[in-house]
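Student: One structure follows; several queries about it will come next.
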Amino acid sequence: MIEIIWAYLAIGACIASVGFAIQYSPKSKFAKELDSILYPNRSRMDKFKETLVVPVGLIAITLGWPIFVYMIFEGAFSRKGKDSLEAKGPVCATQGKYLVQKVSIEFAEREAIYSDPLNATPTIPFGHLNLGWKKFIEGLQEEDELWSFLIPKGALLGTYNSEAREDKKGYSIVRNGKTVAEFIYEGSGGY
């Protein structure tokens, strides 16, 4: 019986060690400096707790390795489902709703020129987002329509019905009545 327990713990220790070696990366100098700026008054107890995270995690994996192996395989299988979902096409928030008006590329670019008094933003359509805009309009085909959109704060978006934390403005490429691509120029966060 003791041999079985030792074998179980040895397998767990191997899994924990390999996983740690693959996944762990020490904090960079930048991350350490950022921590000291964001949390300047950390107590010794907080620092002690932080140093315990890795050892406690390794012990937990060593003792409960079958659960972690299951979670890894479960993640691999659920990724296959996600891949098949992506094969159906892009998940676009403006699918049949939130579209405001059909516009031309020229109109969109004319509306998106900003005058920055500090000259921090280039005076080109969509400023720093210009390369993204160019890539977005490269996807336009002859029969496509370009629509402006406004997704209101609180709207449920995406596969998981995430709530928009703020208004989002942008443009959609509509092909055969379906949104195939979106370009968001105002509003942060994904969906």
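The values are calculated or read from the model by the stated rules, or taken from the named source; none is laboratory data. Just so it is clear, the structure is predicted and the values come from calculations on it, not from any experiment. Counting neighbours? That spans all protein chains shown, and the Cβs are built from the backbone with ideal geometry, glycine included. In case anyone asks, the SASA skips ligands and DNA or RNA and just uses the protein heavy atoms, side chains included. Shrake-Rupley method; radii C 1.70, N 1.55, O 1.52, S 1.80 Å.
Student: How do 7-14, 124-131, 32-39 rank on mean C-beta neighbours within 10 Å, highest first?
Tutor: By packing density, highest mean first, the sequence is 124-131, 7-14, 32-39.
Student: Roughly what angle does helix 2-23 make with the longest principal axis of the chain, taking Cα atoms, 0 to 90 degrees, to the nearest 10?
Tutor: Rounded to the nearest ten degrees, it is 30.
Student: What net charge do the residues around Lys169 carry, taking every other residue with its C-beta under 13 Å from that of Lys169, with Lys and Arg at +1 and Asp and Glu at -1?
Tutor: With Lys, Arg at +1 and Asp, Glu at -1, the net is -3.
Student: Hey, can you find the accessible area per residue of the chain for me, probe 1.4 Å, expressed in square angstrom?
Tutor: Spelled out: the 1.4 Å probe surface of the chain, per residue, equals 74 Å².
Student: In percent, how large is the relative contact order of the chain, given Cα pairs closer than 8 Å and 6 or more residues apart?
Tutor: Answer for the chain is 17 percent.
Student: How much accessible surface does Arg175 have with a 1.4 Å probe, in Å² rounded to 10?
Tutor: 60
Student: State the percentage of accessible surface on the chain attributable to carbon and sulfur atoms; use a 1.4 Å probe and exclude ligands, DNA and RNA.
Tutor: Of all accessible area on the chain, carbon and sulfur atoms account for 62 percent.
Student: For region 122-128, just list the computed ³J(HN,Hα) in residue order, Karplus coefficients 6.51, -1.76 and 1.60, θ = phi - 60°, integers in Hz, with x standing in for Gly and Pro.
Tutor: x, 8, 9, x, 6, x, 5
Student: Quick one: which residues, 5 or more positions from Tyr185 or on another chain, have an amide H under 5 Å from its amide H? H modelled 1.01 Å from N in the peptide plane, none for Pro or chain starts.
Tutor: Amide H to amide H, under 5 Å and 5 or more residues apart or across chains, Tyr185 pairs with Lys169, Gly170, Tyr171.
Student: Can you give me the angle between helix 65-87 and the longest principal axis of the chain, using Cα atoms only, in degrees from 0 to 90, rounded to the nearest 10?
Tutor: 20
Student: Something else now. Taking a threshold of 29 Å on the Cα-Cα distance, which of the pairs Lys29/Lys49; Lys153/Lys178; Lys29/Lys134; Lys97/Lys135; Lys102/Lys134 fall above it?
Tutor: Cα-Cα > 29 Å for Lys29/Lys134; rest within.
Student: Please identify the chymotrypsin sites (Phe, Trp or Tyr not before Pro) of region 9-82 that satisfy two criteria: DSSP loop assignment and at most 11 other Cβ atoms within 10 Å. Which are they?
Tutor: Sparse-neighbourhood loop chymotrypsin sites (Phe, Trp or Tyr not before Pro): Tyr24.
Student: Okay, moving on. Of Met1, Met71, which has the most accessible area with a 1.4 Å probe, and how do the rest follow in descending order?
Tutor: Listed by decreasing accessible area, they come as Met1, Met71.
Student: For the chain, what is the largest minus smallest coordinate of the Cα atoms on each principal axis, given in angstrom and ordered from greatest to least?
Tutor: 75, 44, 29
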